[in-house]
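Reviewing the structure listed below.
Values quoted throughout were computed directly from the atomic coordinates according to the rules given, and no laboratory measurement underlies them. Source: prediction; values computed, not measured. Backbone-built Cβ (ideal geometry, glycine too); neighbour counts: all protein chains shown.
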Amino acid sequence: MQLWVFTDFDGPIIDVSERYYQVYQHVLREAAQSSDLLPLDKNTFWDYKRAKVPEKEIGIRSGLNPEQAKEFARLRKKLVHAIEYFPLDEIHPTAIAALERLQAAGVMLGVVTMRLVRELEPALSKFDLERFFEVEHRYCISNDHVKDDDIRDKAMLLTRAHKAFKKATVDEDAQCYMVGDTEADILAGQRLGIPSLAVLSGIRNQHHLDKLAPWKVVQNLHEAVQIILDG
């Protein structure tokens, strides 16, 4: 049986928590000016992010007043995807082994990510991930695209990936899966009838992922691969 696996990049493969936390600390100082701050530790901050606590509320819980929190949210949106912060990203410890297992099993791999080309390509090179994803199976955002709706854009990307799957597979039993960590990933997969596995290694917690009713909720990409290959 022909098998394809599409995966998001940030969340299943890459840990972005340190980048997000460093941006949080920077914009908190910028927005605070001379105010007394109550900075969150990294674990608390990341729990808030995974629980979808609004940016302004995170600012207020960190000691900002409402006006400062508004500026905090604006700065955070501007800087969280600034290219100078991407070197802070780390790869999840079991991600390489999971991808190697899929590749060894003859699974066709595709990455479906909201990263721009200029954000994805350096990371693929840095973490030696180019060997897993052929150029034609890197579904990402063009550098000149203005991102304003993750759910719509992810649906567009996964639709392209799914069309490639349908065109390339002749086996009636061919199957593809989607692995992701956000609403955009799971909803895009469900719209196309693709069994979607939600990982807890990304930016949503169990509560929010359960509400989406994905095919499976798993800890990480490693566990997702076990389920896909072993049943």
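Worth pointing out:
- Violating pairs (Cα-Cα greater than 19 angstrom) within the set K163/K216; K49/K70; K52/K77; K78/K211; K49/K78; K147/K216: K163/K216; K78/K211; K147/K216
- Under the Karplus curve 6.51 cos²θ - 1.76 cosθ + 1.60, θ = phi - 60°, whole-Hz ³J(HN,Hα) for the stretch 211-228, x wherever Gly or Pro sits: 5, 7, 6, x, 4, 9, 10, 10, 6, 7, 4, 4, 5, 4, 5, 4, 5, 5
- Gained length - D150 relative to E30, 0.36 nm times residue gap less alpha-carbon distance: 40.5 nm
- Two-site FRET efficiency, D173 against R131, from Cβ-Cβ distance with R₀ of 22 Å, rounded to 0.05: 0.20
- For Y177, nonlocal amide neighbours, meaning residues 5 or more places apart or on other chains whose placed amide H falls under 5 Å from its own, are W4, V5, F6.
- Cleavage-rule hits (trypsin sites (Lys or Arg not before Pro)) in the stretch 127-228: DSSP loop, at most 14 neighbouring Cβ within 10 angstrom: R131, K147
- Choice from I96, I60, I14 showing the highest fluctuation, given a GNM over the chain with Cα pairs closer than 10 Å: I60
- Whole-number D in µm² s⁻¹ for the chain, Kirkwood Cα-pair radius fed into Stokes-Einstein, 20 °C, 1.002 mPa s: 116
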